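Down below is the structure, laid out as structure tokens.
Read the figures in this text as sums done on the coordinates, not as results from a lab. Everything quoted here is computed from the prediction, not taken from an experiment. Glycine also receives a Cβ, built like all others from the backbone with ideal geometry; neighbour counts cover every protein chain displayed.
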Amino acid sequence: MSIQVRNLSKTFDDFHALQDVTVDIESGQLTAVLGPSGGGKSTLLRIIAGLETPDSGTVLIDGVDVTNVAARDRGIGFVFQHYAAFSHMSVWDNVAFGLKVRKTPKPKIRGRVNDLLKLVHLDGLAHRYPSELSGGQRQRMALARALAVEPSLLLLDEPFGALDVKVRQELREWLRRLHDEVDTTTIFVTHDQEEAMEISDQIIVINDGRVEQAGTPDQLYDHPINDFVMGFLGPVTRLGGVLVRPHDIHVSLAPDAGGHPAVVERLVSLGFETRLVARPVNGGEAITVQLTRNQIQNLAVGVGDTVHLTASPTTGPLSAVGVSTPSADQAG
Amino acid sequence: MGKYALRYSILAYITLLLLVPIVMIGYRTFQHGVAPVWDALSSPTATHALQLSVLITAICVPVNVIFGVTTAWLIARHKMPLPWLVNAMINLPFAMSPVVIGLAVYTLYGRTGWFGTYLFAHNIGVLFTWKAIAIATIFVSLPFVVREVVPVLEELGTEQEQAAEVLGASRLQSFFQVTLPAIRWAVVYGVVLTAARALGEFGAVNIVSGNSVGQTQTLPLFVNDSFSQFQPVAAYSAGLLLAVISLLILVGMTTLSSRRRREASL
């Protein structure tokens with residue numbers, strides 16, 4: 001199922017949640033909507049689901065305008081951040097709910113629910129109540145419930161946001177595998193760039209109600225359209241007034257042409273990686289450089305030494321590489 | 001020592017003020033054995049009064065449940081216009097003396113009242129019938145269900161309803177299969193309070209019923225009549241019956257709420 005979102009705007013009282021947002025999502029992809037909280041990403045997801053009505057703009061699913069179609073008629077699976085489990089129903093009844101309200105024949109419900117509970121590894125807990133499950137189990141139940149009606153579009157609103165780090169790590173890998181197995185288009189909202197980078201085919205960065213950039217994780221990481229995207233997708237440091245990735249800085253003891261001279265203030269060993277913090281000779285904020293342990297040993301650099309820092313060529317400005325941007329999409 | 005002084009003095013206060021009088025009614029009722037009590041309660045006047053009180057309660061509870069749950073849902077989901085005004089109006093029966101409520105109903109349905117003029121012209125009897133008693137009692141006990149259900153609905157939030165909607169449930173399916181089961185204890189609690197109030201209502205009913213013996217006399221009116229006509233055994237017996245029914249309702253309520261707590265803590 002492909003999704004086209006066209007010029008979507010939504011205001012809550014005085015707050016502009018979305019301003020003229022245009023997004024394209026191809027069928028079968030796992031897309032992350034990434035951004036800081038309050039940036040409008042959940043509103044976008046809820047409008048696609050039909051849980052929120054936009055002030056203006058349209059949502060097309062497979063080319064059909066569904067902007068005025070009720071959520072119950074969109075054939076969508078939705079997973080809420082806080083699970084939205086039906087607290088008075090057992091796990092089994094939660095998962096069966098969507099099938100029951102669609103008057104599915106009983107034997108078919110039984111088969112489908114049992115299959116889904118196996119898929120989410122809850123087959124032994126069918127008779128428990130949501131309050132008797134851990135957070136991770138509840139979220140897996142919520143996923144099974146959403147998948148029961150065989151949606152061709154699965155939407156997840158910060159699905160792992162309320163879980164602890166270890167469970168979150170497990171579930172995100174599992175979501176990737178699940179997406180590949182059940183053949184749906186999946187969109188999930190997150191504020192965790194690592195989560196987005198790790199499992200998605202496409203990332204849409206939303207900030208202040210606007211799309212900053214859309215593209216593959218590599219495109220966004222290597223060729224961010226602006227400082228915001230660059231800073232949001234990974235660690236950055238400022239070298240000669242320009243934002244660069246700490247691992248994209250070349251360190252040399254010999255004065256290079258165009259290099260920024262700086263004095264080493266600190267060397268922090270973090271196992272395989274070593275972090276070098278240096279202060280520019282002409283003053284200003286400290287520069288962080290990420291090096292491997294081998295590189296540091298080969299350089300034989302110590303605290304107090306003067307080094308010359310150059311941005312290494314792996315990072316290039318976006319325009320030079322020709323990656324498609326939202327504005328380019330709108331033009332075409 | 002000091003920390004026990006406070007709790008035991010309060011305990012003594014409650015006992016003296018609440019428990020002792022009720023025990024005294026029990027004592028006075030059975031002072032001359034069970035036979036006079038049985039005679040007093042099995043008289044046609046007394047049984048009719050009990051039946052009428054039960055009928056009024058049976059009308060009042062479902063009306064206030066349907067109205068109360070609907071109103072509570074509209075308030076909790078911010079779909080009510082002028083919410084502050086609606087809230088104040090719903091609390092009105094709590095703030096007003098039941099006698100005043102009785103007078104208000106009387107002025108409306110009396111021969112010269114807005115509704116009364118029409119009703120009397122068409123020979124429809126409302127005032128001084130069970131209908132007027134029911135109207136006054138519904139008025140008096142209106143806030144209970146709303147007050148119980150609103151906070152539970154607010155705490156419940158809308159996520160479960162939204163989840164049901166995305167899964168394809170209609171509004172009705174969502175309400176009966178998701179919302180109502182989630183608020184059922186609050187509804188039961190409201191029902192219990194409404195029933196207790198409807199059964200015991202005196203002030204408003206006294207004015208609109210006409211208090212016609214064997215026809216429009218409810219159990220609390222019967223107690224009052226017996227007392228003022230120097231029939232202490234009948235007054236005490238019926239009074240005790242009312243107290244026992246209320247006590248049973250209260251015990252039921254306490255068990256329900258402890259069950260609700262257990263369920264919530266699961």
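Could you compute Rg(Cα) / (2.2 N^0.38 Å) for region B:1-74, with N its residue count? Could the numbers behind the result be given before it?
Working: Rg = 20.8 Å, N = 74, 2.2 N^0.38 = 11.3 Å.
So region B:1-74 has a normalised radius of gyration of 1.85.
For a label point 7 angstrom out from the Cα of A:MET1 toward its Cβ, which stretches of region A:120-152 have the backbone nitrogen within less than 19 Å?
Counting only backbone N, you get A:142-152.
Would chain B count as rounded, prolate or oblate if I go by the C-alpha gyration tensor, calling it rounded below 1.5 in a/c and otherwise prolate when a/b exceeds b/c, oblate otherwise?
Details: a/c = 2.11, a/b = 1.24, b/c = 1.70.
Taking the square roots of the gyration eigenvalues as a ≥ b ≥ c, chain B is oblate.
Give the average over all directions of the projected area of the C-alpha convex hull of region A:43-138, one decimal, in nm². Spell out each step's value before the answer.
Values: hull surface 30.1 nm².
Over all viewing directions, region A:43-138 projects a mean Cα-hull area of 7.5 nm².
Based on the Cβ-Cβ distance from A:HIS127 to B:VAL54, what FRET efficiency comes out when R0 is 41 Å, to the nearest 0.05? Can you show the working numbers first?
Details: r = 40 Å, r/R0 = 0.99.
Efficiency for this residue pair is about 0.50.
Under the definition of Cα pairs under 8 Å and six or more residues apart, what whole-number percent is the relative contact order of chain B? Walk me through the numbers before you get to the answer.
Working: 284 pairs, mean separation 77.9, N = 266.
Worked out over chain B, it gives 29 percent.
Which value in nm describes the separation of the simple spin-label points at B:LEU250 and B:ARG111, placed 7 Å from the Cα toward the beta carbon?
Result for the modelled spin labels: 4.4 nm.
Rounded to two decimals, what is Rg over Rh for region B:107-253 when you use alpha-carbon atoms and the Kirkwood radius? Each step should come with its number before you reach the end.
Working: Rg = 20.8 Å, Rh = 18.3 Å.
Across region B:107-253, the Cα-based Rg/Rh ratio is 1.14.
Please report, in cubic angstrom per residue, the volume enclosed by the convex hull of the alpha-carbon atoms of region A:238-310.
79
Can you pull the percent of Cα pairs in region A:3-227 with separation above 26 Å?
Numbers: 9086 of 25200 pairs.
Considering region A:3-227, 36 percent of its Cα-Cα pairs are separated by more than 26 Å.
Out of the chymotrypsin sites (Phe, Trp or Tyr not before Pro) in region A:49-126, which ones are loop residues according to DSSP with at most 14 other C-beta atoms within 10 Å?
Working: sites: A:PHE78, A:PHE80, A:TYR83, A:PHE86, A:TRP92, A:PHE97; in loops: A:PHE80, A:TYR83, A:PHE86.
Passing both the DSSP loop test and the Cβ count: no residue.
Can you spot the lysines whose alpha carbon is less than 19 Å from B:LYS79's alpha carbon? Ignore those fewer than 8 places along the same chain.
The reachable lysines, counting only those whose Cα sits under 19 Å from B:LYS79, number zero.
Check region A:3-227 and count each lysine pair with an alpha-carbon distance under 19 angstrom, considering only pairs eight or more places apart or from different chains.
Within region A:3-227, the lysine pair count is 4.
Using a Gaussian network model of chain B with C-alpha springs under 10 Å, which one of B:VAL63, B:VAL191, B:VAL205 is most mobile by mean-square fluctuation?
B:VAL63
Please report the net charge: other residues with Cβ closer than 15 Å to the Cβ of A:VAL149, K and R +1, D and E -1. Present the calculation step by step, with values, prior to reporting the outcome.
On the way: positive: A:ARG72, A:ARG74, A:LYS100, A:ARG102, A:LYS103, A:LYS108, A:ARG112, A:ARG145; negative: A:ASP73, A:ASP93, A:ASP115, A:GLU150, A:ASP183, B:GLU165.
For residues surrounding A:VAL149, the net value is +2.
Pick out, from A:GLN4, B:MET253, A:PHE97, the residue whose Cα sits farthest towards the positive end of the charge dipole of the protein assembly as shown, with +1 on the Cβ of Lys and Arg and -1 on the Cβ of Asp and Glu.
Projecting each Cα onto the dipole axis, the largest value belongs to B:MET253.
So what are the ³J(HN,Hα) numbers for region A:278-290, from phi and the Karplus equation (6.51, -1.76, 1.60; θ = phi - 60°), rounded to whole Hz, Gly and Pro as x?
10, 9, x, 5, 8, x, x, 6, 5, 10, 9, 10, 9
Among B:PRO220, B:ASN87, B:ILE59, which residue has its Cα positioned farthest towards the positive end of the charge dipole of region B:34-265, with +1 placed on the Cβ of Lys and Arg, -1 on the Cβ of Asp and Glu, and the dipole taken about the Cα centre?
Among B:PRO220, B:ASN87, B:ILE59, the one farthest towards the positive end of the dipole of region B:34-265 is B:ASN87.
Based on the alpha carbon coordinates of region B:80-163, what radius of gyration and maximum Cα-Cα distance (Dmax) apply, in Å?
17.4, 54
How much of the DSSP beta bridge set in the protein assembly as shown is antiparallel, as a percent to the nearest 5? Intermediate values should be presented prior to the final figure.
Values: 44 of 62 bridges.
Antiparallel: roughly 70 percent of the beta bridges in the protein assembly as shown.
Of all the Cα-Cα pairs you can form in the protein assembly as shown, what percent are over 40 Å apart? Please list the in-between numbers first.
Working: 93179 of 178503 pairs.
When all Cα pairs of the protein assembly as shown are counted, 52 percent exceed 40 Å.
Summing +1 for each Lys or Arg and -1 for each Asp or Glu, what net charge is found among the other residues whose Cβ lies under 14 Å from the Cβ of B:VAL65?
Values: positive: B:ARG147, B:ARG184, B:ARG197; negative: B:GLU148.
Combined, the nearby Lys, Arg, Asp and Glu give +2.
Rounded to whole Hz and in sequence order, give me ³J(HN,Hα) for region A:65-74 from the Karplus expression 6.51 cos²θ - 1.76 cosθ + 1.60, θ = phi - 60°, writing x for Gly and Pro.
The phi angles translate into 6, 10, 3, 9, 8, 5, 3, 5, 9, 8 Hz.
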